[in-house]
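This report concerns only the one structure given below.
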Amino acid sequence: MCKKKNAVYLQKHSGLYLCKSDFKKNLERRIRRTINKYDLLRKDDKIAVGVSGGKDSLTLLTIFNDIEKRFPDSEMKAILIDEGIKHYREQALEFALKLTKKLEVPLEIFSFKDLYGYSMDEIVEIAAKKSDNGPAPCSYCGTLRRRALNYGAKKMGANKLATAHNLDDEAETVLMNILRSDINRIGRTGPMTKKLEDIFVTRIKPMREIPEKEIVLYAYYNNIPFHAFDCPYAPRSFRSDIRDILTNMEEKRPGIKFALLRSGDKIQNLITKSEPIYNCIECGQPSTTKLCKICRMFDEIGINLKKLE
């Protein structure tokens, strides 16, 4: 622990005062600890790191680039999903391109337009004409992004897909699913998904125990330029409301987000029944229901998505 006069950061949940050097080491050490604790990486993994141009993903890429260099049998690439959101994605893409070039990490880009036949902006426009009370744009985007990431990672030959979900993201997800009474969905979360590796690329979340504000500070101290603006559709989401609630609670009761994360992990460990996997009757993609969520949502607004090859 550093002396208060030298500290640049007070880690409220632990009570630690950290100087700049120790702060960076502390964050990197906790990511490595998460990797080791859950056995997230093997020395010969083919890793696809999901990047967006934001602070979380570019910090993860920077740290993983250092880790991966120590394992000559491993391979790392970056994957970016272009949803087709004007004045947002193209700006974020510039930051991802700049860092991947600097680190000499290959980057592959997959777009909604190419994969599904529609951009996110087009989907939002069509959905708005159909109903004023339909799902928020994030509901459409999230499901399409997850499918695109899995599809792209498989195309890239990866056996691990590393995503930059942080502590705030994970705590929000747990609370959202509790409020929705969707306990089974909590069972699908966690540090690593191992279900049906021949169908789904194994997803890992090395930063799930790192608070968002620490990632911002780490990026600043390590001169990692990032796209700092939120998606224009984000304020309309349920997650945005939950984020506001948790931010307020964390200020009053430091550690509440960690408590939610642990609760989610305990719930996951209690769920022993595995869900059946079907091939969707419309698109043929793997799903826990006979008609997948994507097809169900888009049938309601009259969009016939292009099928993935």
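Among 62, 38, 227, whose Cα sits farthest toward the positive end of the charge dipole of the chain (+1 at Cβ of Lys/Arg, -1 at Cβ of Asp/Glu, about the Cα centre)?
Positive-most Cα among the choices belongs to 38.
Counting pairs of Cα atoms in the chain, how many percent are more than 29 Å apart?
37 percent
How big is the dipole moment of segment 1-103 about its Cα centre under a simple scheme where the beta carbon of each Lys and Arg is +1, that of each Asp and Glu is -1, and everything else is neutral? Debye, nearest 20, please.
780 debye
In what sequence, highest mean first, do 144-152, 200-208 appear when ranked by Cβ atoms within 10 angstrom?
Highest to lowest by the protection proxy: 200-208, 144-152.
I'd like the orientation of helix 167-179 relative to the chain: the angle between its Cα long axis and the longest Cα principal axis, in ° from 0 to 90, rounded to 10.
The helix 167-179 is inclined about 50 degrees to the chain.
Rounded to whole Hz and in sequence order, give me ³J(HN,Hα) for segment 279-296 from the Karplus expression 6.51 cos²θ - 1.76 cosθ + 1.60, θ = phi - 60°, writing x for Gly and Pro.
Once rounded to whole Hz, the list reads 9, 3, 5, 9, 9, x, 7, x, 7, 7, 10, 5, 10, 5, 4, 4, 5, 4.
Summing -39500 (n - 2.57) over the DSSP H runs of n ≥ 4 in the chain and dividing by its residue number, what mean residue ellipticity at 222 nm do you reach, to the nearest 500 deg cm²/dmol?
Computed ellipticity for the chain at 222 nm equals -15000 deg cm²/dmol.
Among DSSP bridges having both ends in the chain, what percentage is antiparallel? Round to the nearest 5.
Restricted to the chain, the bridges split so that about 25 percent are antiparallel.
Can you tell me the 0 to 90 degree angle between the C-alpha axis of helix 256-270 and the longest principal axis of the chain, rounded to 10?
The answer is roughly 60 degrees.
How far, in degrees from 0 to 90, does helix 89-103 lean away from the longest principal axis of the Cα atoms of the chain, to the nearest 10?
50 degrees
For the pairs 25/101; 154/293; 98/205; 113/257; 130/257, note any where the Cα-Cα span goes beyond 30 Å.
Beyond 30 Å between Cα atoms: 113/257; 130/257.
In percent, what relative contact order does segment 89-237 have, based on Cα pairs under 8 Å that are 6 or more apart in sequence?
28 percent
Hey, can you grab everything whose amide H is under 5 Å from the amide H of residue 49? Only 5+ residues off in sequence or another chain; H modelled, so Pro and N-termini drop out.
Hits under the 5 Å cutoff: 77, 78, 79, 162.
Hey, rough spin-label estimate for residue 43 and residue 108, points 7 angstrom out along Cα→Cβ, what's it come to in nanometres?
2.6 nm
What's the whole-number percent of alpha carbon pairs in segment 212-282 lying beyond 14 angstrom?
Summing the P(r) tail past 14 Å for segment 212-282 gives 78 percent.
Where nothing but the Cβ of Lys and Arg (+1) and of Asp and Glu (-1) is charged, how large is the charge dipole of segment 155-309 around its Cα centre, in debye to the nearest 20?
400 debye
What is the Cα centroid distance between segment 219-294 and segment 1-64, reported in whole angstrom?
Measuring centre to centre over Cα atoms gives 20 Å.
Output the relative contact order of segment 21-275, whole-number percent, from Cα pairs under 8 angstrom with separation of 6+ residues.
26 percent
Along the principal axes of its C-alpha atoms, what lengths does segment 29-186 span, in descending order and rounded to whole Å?
Largest first, segment 29-186 extends 53, 36, 25 Å along its Cα principal axes.
Cut-off is 10 Å between beta-carbons; in what order do 13, 87, 165, 227 appear when sorted fewest neighbours first?
So the residues, fewest neighbours to most, are 87, 13, 227, 165.
Where a number appears in this text, it was derived from the coordinates with a stated rule and is not lab data. This one's a predicted model, so the numbers in the text were calculated from it and none came from an experiment. Quick reminder, even Gly has a Cβ in these numbers, built from the backbone with ideal geometry, and neighbours come from all protein chains shown.
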